[in-house]
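Structure, as structure tokens:
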Amino acid sequence: MFQTCVVLLFCSIFLMIFELVQVGIKLYVTFKDGCVLGTNSETHLRGLSVVGLLPGDLLRIKVILLVLQTWLVGLFVYMQCTCNTEFYTIKVIMGVVLFLIVFWISMILPDHIVAFFFERHMNKLNRQMVEALQVMSMALRSGKTFSESLEAVAIHAPAPLCEEFSRMIQEVQYSGVSMEDALERMAERMPFKDMRIFVSTMKIVQIVGGSFADSLERSALLIRDRFRIRQKCQSLTAEGRFMAIAIALAPLANLMIFLVINFNPTVRFIMHPIGFTALILVSLMDYVGYRIIRAILNVEF
């Protein structure tokens, strides 16, 4: 038992050091050149800000998950090897496989949760773009300048879009950044294609010339059509996405049913090397099938 505890402690320390190095590399890449906007690290940090976490908070969450899961895996292997010495080598391999699985989950799952909330934040900004362009167009037709139309969006647009426009205006007024660079930075902070369409249109009109109001109206129509087509595609593929989730959860639901109906035989099957191997293979094939279905249903705009 003492040797097992030492091994578990060593694994926990190794995982904490590994996670510290990983987060340190991310922070170095982000801040080495004054936090270059548009990098993956900047997007990751913006996702953390949307969730309300700091990089240190995410680090603590990952370390806690790693330590807990390491101890649980070690306890599982210890109980398997001490209670029954049959298939000792296979049970150790089972522990290693289980350790790799929980290691992957603890490393990837928090980042996926952050990415999920960041994507929701970007979708909310995307839905507010049409209204913002209409506000700018009306402000320009009423005789205001382009900068004043941006201020109108910063005042009248709903959050969080008004916050991004306010930040862009502050960069121009207080930091000495040119309007083109401020627009480009805003597009890098909000990396979705509709914002890129807006920024590219404004830069072209500033260089070539033309009516800002007409260009904004055409951009608003284009973004509205893209949003309508996106919603239609999502409604058409909703059944497929639901079936993908149902198929992915079906093996887990069956396992829960077997645990309720026949608890002891099901537990013995899971604890047996053959049953454990079958469970791992089923989970792997289930995950691959889910990813294939989602890849087929994923429509890029």
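Can you sort THR266, THR145, THR277 by how many other beta carbons sit within 10 Å, fewest first?
THR145, THR277, THR266
Tabulate in residue order the Karplus-calculated ³J(HN,Hα) for the range 239-252, using 6.51 cos²θ - 1.76 cosθ + 1.60 with θ = phi - 60°, rounded to whole Hz; enter x for Gly and Pro.
Couplings: 5, x, 5, 5, 5, 4, 5, 5, 5, 5, 8, 4, x, 5 Hz.
Just order 213-220, 252-259, 109-116 by mean Cβ neighbour count inside 10 Å, highest at the front, would you?
Listed from highest to lowest mean packing, they are 213-220, 109-116, 252-259.
Take the alpha-carbon centre of the range 103-171, take the same for the range 233-258, and report the distance between them in whole Å.
Result: 33 Å between the Cα centres.
How do ASP225, ASP181 line up, fewest other C-beta atoms within 10 Å first?
ASP225, ASP181
Report relative contact order for the range 128-232 in percent, whole number only (criteria: Cα-Cα under 8 Å, sequence separation at least 6).
32
Can you compute 3J(HN,Hα) from phi for each residue in the range 121-131, using the Karplus curve 6.51 cos²θ - 1.76 cosθ + 1.60 with θ = phi - 60°, rounded to whole Hz and x for Gly and Pro?
3J(HN,Hα) across the range 121-131, in whole Hz: 5, 5, 5, 5, 4, 4, 5, 8, 5, 4, 4.
Using the Karplus curve 6.51 cos²θ - 1.76 cosθ + 1.60 with θ = phi - 60°, work out ³J(HN,Hα) for each residue of the range 283-298 in order, rounded to whole Hz, and write x for Gly and Pro.
For the range 283-298, the Karplus-derived couplings read 5, 5, 5, 5, 5, 4, x, 5, 5, 5, 5, 5, 5, 5, 7, 7 Hz, x marking Gly and Pro.
A short reminder: the numbers here are calculations on the coordinates, not readings from a lab. Keep in mind that what you see is a predicted model, and the values were worked out from it rather than measured. For neighbour counting, all protein chains shown are included, and Cβ atoms are generated from backbone atoms with ideal geometry for every residue, glycine included.
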